[in-house]
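Worksheet for the structure shown next.
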Amino acid sequence: MATVHATAPQPSTGTSADGDAAQRRGGRYSGFRPEVQGLRAVAVLLVVVYHVFLGRVSGGVDVFLLISSFFLTLSFVRKLEAGRPLAIGRYWLHVFKRLLPLAVLTILATLVLVELFYPGYDAGQWRSEGLASAFYVQNWALALSAVDYYAADHSTASPFQHFWSLSVQGQVFLLWPLIFAAAWLLTRRVALRPVPVLAAMFGTVFLASLAWSVHSTATQQEFAYFDTRTRLWEFALGSLLALAVPYLRPPRVARVVLGWLGLVSMVSVGVLVDVQGAFPGWIALWPLLSAAAVVAAGRTGSRIGVDRVLASAPLVRLGDSAYALYLIHWPVLITYLVLRDRPMAGPRSGVAIVVVCVVLAVLVTRLVEDPLKAWAWPERSRLRLAAVIVVCLATVAVPVTAARVAEERRALELAAAADRNNPGAAALLPGFRYQGDPEAETIPVITGEPYAKPSLGEPCPPGTGVGERFQQWCFDTVPNPEPSATMLVIGNSHVHQWIPAVELLAERNDWRVVTYIRGNCLYALPEEQVADHQECARWLEGTDPVVEAVDPDLVLVQGTRSTDEDQEQFTPGMEQRIRGLAGGGIQVVGLRDNARFDFVPARCAADHGADAPECTASHVILGPDSPLAPVAELPRVTMVDMGDLICPDGTCAPVVGNVFTYWDNNHLTVEYVRTLAPLFAERVEEALLADGAGVPVGS
């Protein structure tokens, strides 16, 4: 299924805690703007149409960010200009009292759909994302997941992905009033008008955030897309627009032209630009300035003005339902794709989805959102407003937490019987006979939650000689004050996954183990880094200082690197690293890499059964032309191959000995590595003894 970054509108909560009626009262920064409400409707239609028919984003999120901050700024400037209290606490309570009920209703309905129709492999992750959405941190959950080198490979889009921009907006609804409060304090102490002070403040936010957005988009676009900091300038532009609108008085003809140019430009951006791949850098100015042109054009009074279209009753009413339409359309679309096992909706089904979502949005707005807005009981005190918010959050948190606790308890029960029911790699040994429960579940329990990486232990203590720049990657994994030998483990996640086996090896031989690991980084040459180049270059720079500080007897590294095409290579630059270590009198243990796949074996087994042919893959068994050959014969270099115990006879099955072998498309499960640990220790010990390594090895 194609994964796109969903974008979201907001209801006009930023209009104020005073309600829509306040917009209609007099003053420079007041007045109901029906054409802006119609613009909101156009933006949400763009989002829905692009998601349903094109599987991509339209830039509509940027328009919503601008509109929400535009109305929020008008609300607070009215208070500042009139000298009224800002009432920030009540504003926060009022805003989230309006936002949360409909959001929570959508989250709960989506969780029900997840339990009924979605693959169990992802259910836990979707529950966690539902909880993150309710607490307005979904954007950070997605950002961290996107860059987590140990994150499972999910090919199905999250039904909660669209909550990311709601989360960003919720965070700004908390932050922006503090800026207005700072402006209020400043104008109280210095004889300045609020508008120039606010213009300077929001101008500073605009420039700083835009600069960071351009830099971050160029260096880490996946993370930048969801990063609140890269979006603040879009809110700041909306605030600057709100401050400037009363002073913008172009002639009618210019406003007519400006309005139409802005609308056409806004609609065309999604067609002409790869929004998902380019945003939120400087290119996001395109839809933002386009929408700003429409807002600046205002009410032209012309028959041919774009405001005549945008202010029409159907668009204004759809604008009133924009929040509900956005909330509803994404889970409806994703659920349909899951049920039909399709990457995109077809033309007829797409039209049906849009129609159903619009009808549902109008009904939900009239039957749920509008009555809740008019509900007077919570408005009588802050305590009641807070109670509504707490109840909304608890309505999501309680069932999600209960489900998580139940799954953890189940996992503990299975782990307690694992020695009998889940032998894993031991099932491959000659003469093995299974004595466990024939109905026992396969472990680890598939919940969809982020998989726990093996612990690396405590950080290396300060003063050990590891520079401060590299300290974050150094761990004293197996402490030992008087070891018979010290092993240093250097590499990325494909070395990290072997830590349970390394720990057993160290315990058997009374070794100390220090690890220096960073995901995605190769222990090769700087130019060979394939991802996170700057961070990996800094990590790589620390390898020599760490070797010098630890003074190891042996170093364990990833000996080869498998590829997605079921090929295997000796990473260029690795040979130089290994030769350098061996030349310095250090014994090197190189691990052959495990296979990678273009699917997730555990997911396939959960959906189709462990014996399904599509869940099994073949893997090359190394022969005489092994890529290890350049260094395999070097003194002080030992190569260890566990491939035959991961893919017996060249066949990679998703389950061995009632244990899932892989938990994503290229990392072994901790549980399977633990079953491999005794065999791993034996092979390393035998190889070191056979090579006459001189490292203390017990029997």
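The values are calculated or read from the model by the stated rules, or taken from the named source; none is laboratory data. Since the model is a prediction, treat every value here as computed from it, not as a measurement. In this analysis, Cβ positions are derived from the backbone assuming ideal geometry, glycine residues included, and neighbour counts consider all displayed protein chains. Ligands, DNA and RNA are excluded from the accessible area calculation, which covers all protein heavy atoms including side chains. Shrake-Rupley method; radii C 1.70, N 1.55, O 1.52, S 1.80 Å.
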Scope region 285-321; condition open to solvent by 30 Å² or more (accessible area, probe 1.4 Å) and within 24 Å of Ser209 (Cα to Cα); matching residues: Leu285, Trp286, Leu289
Within region 502-512, is there a residue that is modelled with pLDDT of 95 or more and within 32 Å of the chain's Cα centre (by Cα)? yes
Here the residues within region 330-367 that are touching a Pro at 6+ places or on another chain (Cβ under 7 Å) and β-branched (Val, Ile, Thr) are Ile334, Thr335
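Does region 468-479 hold any residues that are open to solvent by 30 Å² or more (accessible area, probe 1.4 Å) and touching a residue at least 40 places away in the same chain (Cβ under 8 Å), and which are they?
Residues satisfying the conditions are Arg469, Phe475.
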Taking the criterion of being closer than 25 Å to Ala595 by Cα and part of a helix (DSSP H, G or I), would at least one residue in region 515-524 satisfy it? no
Return the residue satisfying two criteria in turn: it lies in region 200-233 and is charged (D, E, K, R) and open to solvent by less than 60 Å² (accessible area, probe 1.4 Å), and of such residues it is nearest to Ala182 (Cα to Cα). Arg231
Determine which single condition Pro85 fails, assuming it passes every other condition in (1) open to solvent by 40 Å² or more (accessible area, probe 1.4 Å); (2) touching a residue at least 24 places away in the same chain (Cβ under 8 Å). (2)
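Where in region 291-400 are the helices (runs of 4 or more DSSP H), entirely inside, with at least 2 residues that are more than 19 Å from Leu46 (Cβ to Cβ)?
322-340, 347-364, 370-374
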Where residues in region 629-674 are part of a loop (DSSP other than H, G, I, E, B) and over 14 Å from Asn594 (Cα atoms), which of them is modelled with the lowest pLDDT? Glu633
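To keep it simple, each residue is scored yes or no on (1) within 11 Å of Gln558 (Cα to Cα); (2) part of a loop (DSSP other than H, G, I, E, B); (3) in contact with a strand residue (DSSP E or B) (Cβ under 9 Å, 6 or more places away or on another chain).
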| position | (1), (2), (3) |
| --- | --- |
| Thr571 | yes, yes, yes |
| Gly590 | yes, no, yes |
| Phe597 | no, yes, yes |
| Asp607 | no, no, no |
| Ala610 | no, yes, yes |
| Glu614 | no, no, no |
State whether one or more residues within region 420-431 are under 20 Å from Ala123 (Cβ atoms), in contact with a helix residue (DSSP H, G or I) (Cβ under 9 Å, 6 or more places away or on another chain) and outside any helix (DSSP H, G or I). no
If only one of Ile328, Ile334 is crowded, with 22+ Cβ neighbours inside 10 Å, of a type in the set (Val, Ile, Thr), touching a Cys at 6+ places or on another chain (Cβ under 6 Å) and under 18 Å from Val57 (Cβ atoms), which one is it? Ile328
Subset of region 480-495 (residues that are open to solvent by 30 Å² or more (accessible area, probe 1.4 Å) and either among the β-branched types (Val, Ile, Thr) or in contact (Cβ under 8 Å) with a residue 40 or more places away in the chain (or both)): Ser484
Single match in Ala157, Ala183 (criterion: closer than 27 Å to Thr447 by Cα and touching a helix residue (DSSP H, G or I) at 6+ places or on another chain (Cβ under 6 Å)): Ala157
Out of all the residues in region 430-459, which are in contact (Cβ under 8 Å) with a residue 40 or more places away in the chain, closer than 23 Å to Glu503 by Cβ and either open to solvent by 30 Å² or more (accessible area, probe 1.4 Å) or basic (Lys, Arg) (or both)? Pro450, Tyr451, Ala452, Lys453, Ser455, Gly457
I'd like to know if region 394-406 contains one or more residues that are under 27 Å from the mean Cα position of the chain (by Cα), open to solvent by 80 Å² or more (accessible area, probe 1.4 Å) and closer than 30 Å to Gln125 by Cβ. yes
Would you check if Val271 is crowded, with 18+ Cβ neighbours inside 10 Å and either among the β-branched types (Val, Ile, Thr) or within 30 Å of Val368 (Cβ to Cβ) (or both)? no
Test set (1) farther than 30 Å from Thr219 by Cβ; (2) modelled with pLDDT of 90 or more - Leu289 fails condition number: (1)
Pick from region 642-658 the residues that are farther than 18 Å from Ala418 by Cβ and small (Gly, Ala, Ser): which of them is surrounded by the most Cβ atoms within 10 Å (Cβ to Cβ)? Gly643
Any chance Leu261 is modelled with pLDDT of 90 or more, assigned to a helix (DSSP H, G or I), open to solvent by 50 Å² or more (accessible area, probe 1.4 Å) and not charged (D, E, K, R): yes
Per the filter on region 681-690, residues out of contact with any Lys or Arg (no Cβ under 6 Å at 6 or more places or on another chain) and in contact (Cβ under 8 Å) with a residue 60 or more places away in the chain are Val684, Glu685, Ala687, Leu688
Tally, over region 684-699, of residues that are at pLDDT 90 or above, of a type outside the set (Asp, Glu) and farther than 15 Å from Ala506 by Cβ: 0
Go through the residues of region 235-251 one by one and say whether even a single one is aliphatic (A, V, I, L, M) and outside any helix (DSSP H, G or I). yes
